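What follows is calculated from the coordinates using simple rules that are stated; it is not laboratory data. Since this is a predicted model, take the numbers as computed values, not measurements. Note: ideal-geometry Cβ built from the backbone for every residue, glycine included; neighbour counts use all protein chains shown.
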Amino acid sequence: MDKGIILKGVGGLYSVWTDSAGEIYRCTARGIFRKDSKKPLIGDKVTLSEIDDNNKTAAIVEIAPRKSELRRPAVANVDKLIFVAAASNPKPDLLLLDKMIVSAEMVGIELVLMISKSDQDREYAEEIVKQYSLAVKCFITSAKNKESFLPIVKYIEGSTAVIAGQSGAGKSTFINCITGKELMDTGNLSEKTGRGKHTTRHSELFKVTDCFDKPTFIIDSPGFSMFEAEAIEPVLLQKYYPEMYNNEGFCRFQDCSHTGEPGCFTDELIKSGKMHQERLERYAVIYKELAEKYKKRYK
Ligand SMILES: Nc1nc2c(ncn2[C@@H]2O[C@H](COP(=O)(O)OP(=O)(O)OP(=O)(O)O)[C@@H](O)[C@H]2O)c(=O)[nH]1
Ligand SMILES: [Mg+2]
Ligand SMILES: [Zn+2]
């Protein structure tokens, strides 16, 4: 029996790094997981059996309890999530970002925002910071100036972080820059649509040694553009907005949804600069989506 960590999984075949052997084994998962509908995830700590040292193959027989679990990207045991939004090309989807913040808040993973490609539109990069700095930590970066990555590198040192965001935002470019290796393929945007081409197809975990003193792990993940808000009761949504839970106040109506009712405490937040107007407008969009979902489910 040996222990390891899942680096990658494609078509039911998992690459598992074992510290004791200092090597990667190609592993299959025993049927037992399928029975409990528990699927091994990148970042899972696993126990191996049937180890074949010559062919470097083994079977995963157990998954250790997870410290954390994310649905999108599907990864286990991360402490931090770096969400990459490009200042331009591709145009950032801020509603997607808002939903990701909610989702990370729910599972207790710290989300930080990396605004990439600031060389292409510095002004808009700063506009995004204005909208989000009251909710999450923000970093403005550009691959044209590698020093701009240093504050993030410092921030993830000693932890396990996953990097996520739209296709073409610059996730793999970041991984290559900070490791100083061409670990991942990167790809141009489609000229026709201005969107990324989904260059990265599978999540992959790397142990980064070069620029860190403490062991640090980072997971690259495929870009995505669709994300459904978690199916929570709409009144609970405010619990996942730092601007709201850090500045609680009273509304005229006890059952105020904070989506435009008169006498709402969010008016004060906007006026005093404790929440950005557009974050609040998108809050209302997500609230309505949840309300629809909730109605369908319980009617
Ligand atoms: N100008 C500029 N281009 C960048 C920057 N970062 C990345 N790019 C370019 O943007 C394109 C997409 O980068 P990738 O790193 O492949 O993007 P990704 O987020 O990994 O995309 P997927 O794997 O498809 O999810 C590449 O052509 C990169 O060279 C940046 O800071 N500035
Ligand atoms: Mg990529
Ligand atoms: Zn209110």
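Mean separation of Cα pairs under 8 Å and 6 or more residues apart, divided by the residue count, gives region 69-220 a relative contact order of 25 percent.
Using a cut-off of 25 Å between Cα atoms, the listed pairs Lys91/Lys197; Lys117/Lys271; Lys80/Lys130; Lys67/Lys293 include Lys117/Lys271; Lys67/Lys293 as exceeding that distance.
Per residue, the average separation of C-alpha pairs within less than 8 Å and at least 6 apart gives region 230-299 a relative contact order of 39 percent.
Counting DSSP beta bridges in region 125-224, what percent are antiparallel, to the nearest 5? Don't jump to the answer; show the numbers that get you there.
On the way: 6 of 9 bridges.
Within region 125-224, antiparallel bridges account for around 65 percent of the total.
Amide H to amide H distances under 5 Å link Ser159 with Phe217, where only residues 5 or more positions off or on other chains count and H is placed in the peptide plane.
Arranged from fewest to most other beta-carbon atoms within 10 Å of their beta carbon, Cys251, Cys27 become Cys251, Cys27. Exposure proxy ranking for Ser148, Ser37, based on other Cβ atoms within 10 angstrom of each Cβ and starting from the fewest, stands as Ser37, Ser148. Rounded, prolate or oblate: which one fits region 55-123, using the alpha carbon gyration tensor with axes a ≥ b ≥ c (rounded when a/c is under 1.5, else prolate when a/b beats b/c, else oblate)? Cα axes put region 55-123 in the prolate bin.
Straight-line cross-link reach from Lys3 at under 17 Å between alpha-carbon atoms covers these aspartates and glutamates, not counting any fewer than eight positions away in the same chain: Asp19, Glu23, Asp44, Glu50, Asp52, Asp53, Glu62. Using the Karplus relation 6.51 cos²θ - 1.76 cosθ + 1.60 with θ = phi - 60°, the per-residue 3J(HN,Hα) values for region 262-272 come to x, x, 8, 5, 6, 4, 5, 4, 5, 4, 8 Hz, with x marking Gly and Pro. Here the convex hull built on the C-alpha positions of the chain has a volume of 159 cubic angstrom per residue.
Per-residue Cβ neighbour counts within 10 Å put Ser103, Ser172, Ser159, Ser272 in the sequence Ser272, Ser159, Ser103, Ser172, beginning with the fewest. Based on C-alpha pairs under 8 angstrom that are at least 6 apart in sequence, the chain has a relative contact order of 15 percent.
If both residues of a DSSP beta bridge must be in the chain, then about 55% of such bridges are antiparallel.
Is the shape of region 230-298 rounded, prolate or oblate, going by the alpha carbon gyration tensor and its root eigenvalues a ≥ b ≥ c, with a/c under 1.5 for rounded and a/b larger than b/c for prolate? Prolate, because a/c is 1.5 or more and a/b exceeds b/c.
Under 18 Å of direct C-alpha separation, and excluding same-chain neighbours fewer than eight residues apart, Lys296 reaches these aspartates and glutamates: Glu228, Glu230, Glu233. Once each part is reduced to its C-alpha centroid, what is the distance from region 120-189 to region 265-279 in angstrom? Spelled out, the Cα-based centre of one part sits 27 Å from the other.
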